[in-house]
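A.B. asks: The following block contains the structure, expressed as structure tokens.
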Amino acid sequence: MKTYFLASFFLTLFVVSFAHAQQQKCEAISDEIRVVFSNGELTTPKQAFTAQNELALSLGHTYQGQGITYDLAYNYSADAFDELLQSAKPQRWYVELAQRVSNWKYQIKAPELVDHVEKYREAVLQGQKVLVVSHSQGNFYANLARLILTFQKPAIQMASFGIFGVATPTNNIGGKKTPYLTNHLDVITSVPGSLPANWTLRHADNGGIVNQIGSVPANNFAETYLSPHYDSRPEIVKGISRALSQLQTPPQVVKSGTLTVTLTWDIGNRNDIDLHVFEPDKTHVYYGAKTGVSGYLDVDNTRGFGPEHYYSDCKKLQFGEYIVGVKYYSDRSRPARQVTATVTISTPGSTRTFITKLDTKGKSRKLAKVVIERISDPSNPHRDGRLKYQIIPL
């Protein structure tokens, strides 16, 4: 029989994340579709959120009667992309970047990519179709995320995951030549080997061909591709709609909630890692007590790879601290094999991924705490009474 989760933990973990405290209502995601924007280079978080909002305004919140949730897979524009700011010849910069990519000298930032992969995996496990709208640099991330999801365990239904590329410097979209849209002025067309321009940008009011905005401004997602002043916006909406029509609804493996915690690991063949959550009132939710005061362990995997999954009930959500940890329960091999465990914690507007290694049966790790508070600010009705979520590594 499994023993109880230890109250004290040893802490050695590698944390990768992009998240910050959000102020949201207590809402669980229940829409059938998740559209995720993956930003291009030289995009600040604020600009990325603006682009995501423009995408939502253009596409709407339903597709063929199915609800759409919008999300962001943010990637920073550091390292090679910082050089564009100093470049007097942007087109030459893109050519040199393409050469580095082809020679494997340009490295995608692994922490961000891990977050993206786990975000997509969790959405599909929750029964959502996922479409990534990737812009410029974001196409590198989207393609690699798809490749990882294709081969990484636990497997998901890949027919539920799709990509629509915009201004792509890559030579494929998820391993195919479509769907994408690149306008004829975009600086991306200077990248050797990239998919060719397939749209002549025109003014929306008179149909005249656009030829004077410059190759770098022509690459802008919100101000050019989704601008009401140009004809690319309705074409992108059509392309996204066609891409959505080809996605299959996946089986719901785990349930959605205001707070969700998903555990996966890299060993199969009867290898068992356990997820443990301590709720604010100290209720211990795990394989031996799957129902807590505010949440549930709805999936307990004992054969390997995962997932194991905890979710909260919005109506029963407690304020305070939720403590999240993992424990190495068993392995058929002797001695036990080293396992890399990945825990993804999601709250409204925020996702953080934690990776830790376990090499001894019975070993446990306390990884993070989730703090949920209600904001009291009578002077600001937009803040007063809303919930604040923080995911904090331990």
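The values are calculated or read from the model by the stated rules, or taken from the named source; none is laboratory data. No experiment lies behind these values; they were computed from the predicted model shown. Cβ placement follows ideal geometry from the backbone for every residue including glycine, while neighbour counts extend to all protein chains displayed.
A.B. asks: Would you check if there is a residue in segment 165-178 being surrounded by 16 or more Cβ atoms within 10 Å (Cβ to Cβ) and either assigned to a helix (DSSP H, G or I) or not assigned by TED's automatic domain parsing to the domain that holds Asp71 (or both)?
C.D. replies: No, there is no match, as no residue in segment 165-178 is surrounded by 16 or more Cβ atoms within 10 Å (Cβ to Cβ) and either assigned to a helix (DSSP H, G or I) or not assigned by TED's automatic domain parsing to the domain that holds Asp71 (or both).
A.B. asks: Within segment 256-279, can one find any residue that is assigned to a helix (DSSP H, G or I) and within 22 Å of the chain's Cα centre (by Cα)?
C.D. replies: Filtering segment 256-279 for residues assigned to a helix (DSSP H, G or I) gives none.
No: segment 256-279 contains no residue that is assigned to a helix (DSSP H, G or I) and within 22 Å of the chain's Cα centre (by Cα).
A.B. asks: I would also like to ask the following. For segment 243-279, how many residues are closer than 18 Å to Leu317 by Cα, without any contact (Cβ under 8 Å) to a residue 60 or more places away in the chain and of a type outside the set (Phe, Trp, Tyr)?
C.D. replies: Looking only at that region, the number is 2.
A.B. asks: Could you please find all residues in segment 302-317 being over 19 Å from the mean Cα position of the chain (by Cα) and part of a strand (DSSP E or B)?
C.D. replies: Ser312
A.B. asks: Could you tell me which of the residues Thr249, Thr262 is within 30 Å of Val339 (Cα to Cα) and touching a Ser or Thr at 6+ places or on another chain (Cβ under 9 Å)? Reasoning before the result, please.
C.D. replies: Details: Thr249 fails: within 30 Å of Val339 (Cα to Cα).
Result of the check over Thr249, Thr262: Thr262.
A.B. asks: Checking the structure you have, find out if any residue of segment 368-381 is within 20 Å of the chain's Cα centre (by Cα) and of a type outside the set (D, E, K, R).
C.D. replies: yes
A.B. asks: Could I ask something else about it? Assigned by TED's automatic domain parsing to the domain that holds Lys46, in a loop (DSSP other than H, G, I, E, B) and buried (at least 18 other Cβ atoms within 10 Å of the Cβ) - does that describe any residue in segment 198-212? Lay out the reasoning, then the answer.
C.D. replies: Going residue by residue through segment 198-212, those that are assigned by TED's automatic domain parsing to the domain that holds Lys46 are 198-212.
From what is left, the residues that are in a loop (DSSP other than H, G, I, E, B) are 198, 200-201, 204-208, 210-212.
Next, only the ones that are buried (at least 18 other Cβ atoms within 10 Å of the Cβ) stay: 201, 210.
Yes: one or more hits.
A.B. asks: Does segment 326-382 hold any residues that are of a type in the set (Asp, Glu) and part of a loop (DSSP other than H, G, I, E, B), and which are they? Talk me through it step by step, then tell me what you get.
C.D. replies: At the first step, the residues of segment 326-382 found to be of a type in the set (Asp, Glu) are 331, 359, 373, 377.
The answer is Asp359, Asp377.
A.B. asks: Shifting gears a bit: Restrict the check to segment 108-115 and report whether at least one residue is closer than 16 Å to Leu42 by Cα, within 24 Å of the chain's Cα centre (by Cα) and at pLDDT below 50. Walk me through how you get there before you give the answer.
C.D. replies: At the first step, the residues of segment 108-115 found to be closer than 16 Å to Leu42 by Cα are 108-109, 112.
Narrowing further to those that are within 24 Å of the chain's Cα centre (by Cα): 108-109, 112.
Okay, now just the ones that are also at pLDDT below 50, so 108.
Yes.
A.B. asks: Which of the residues spanning segment 179-197 are part of a loop (DSSP other than H, G, I, E, B) and either over 18 Å from Gly138 (Cα atoms) or at pLDDT 90 or above (or both)?
C.D. replies: Result: Pro179, Thr182, His184, Leu185, Asp186, Leu195, Pro196, Ala197.
A.B. asks: I'd like to check something: does segment 283-300 contain any residue that is in a loop (DSSP other than H, G, I, E, B), polar (S, T, N, Q) and more than 25 Å from Asp31 (Cβ to Cβ)?
C.D. replies: Keep residues of segment 283-300 that are in a loop (DSSP other than H, G, I, E, B), which gives 283, 287-288, 290, 292-294, 300.
Remaining after also requiring polar (S, T, N, Q): 283, 294.
From what is left, the residues that are more than 25 Å from Asp31 (Cβ to Cβ) are 283.
Yes, segment 283-300 contains at least one residue that is in a loop (DSSP other than H, G, I, E, B), polar (S, T, N, Q) and more than 25 Å from Asp31 (Cβ to Cβ).
A.B. asks: Given the criterion buried (at least 17 other Cβ atoms within 10 Å of the Cβ), at pLDDT below 90 and of a type in the set (A, V, I, L, M), identify the matching residue among Ala28, Ala21, Ala73, Ala51.
C.D. replies: Details: Ala21 fails: buried (at least 17 other Cβ atoms within 10 Å of the Cβ); Ala73 fails: at pLDDT below 90; Ala51 fails: at pLDDT below 90.
Step by step, each of Ala28, Ala21, Ala73, Ala51 is checked, and only Ala28 is buried (at least 17 other Cβ atoms within 10 Å of the Cβ), at pLDDT below 90 and of a type in the set (A, V, I, L, M).
A.B. asks: Tell me whether segment 181-191 contains one or more residues that are closer than 27 Å to Ile68 by Cβ and touching a His at 6+ places or on another chain (Cβ under 8 Å).
C.D. replies: No, there is no match, as no residue in segment 181-191 is closer than 27 Å to Ile68 by Cβ and touching a His at 6+ places or on another chain (Cβ under 8 Å).
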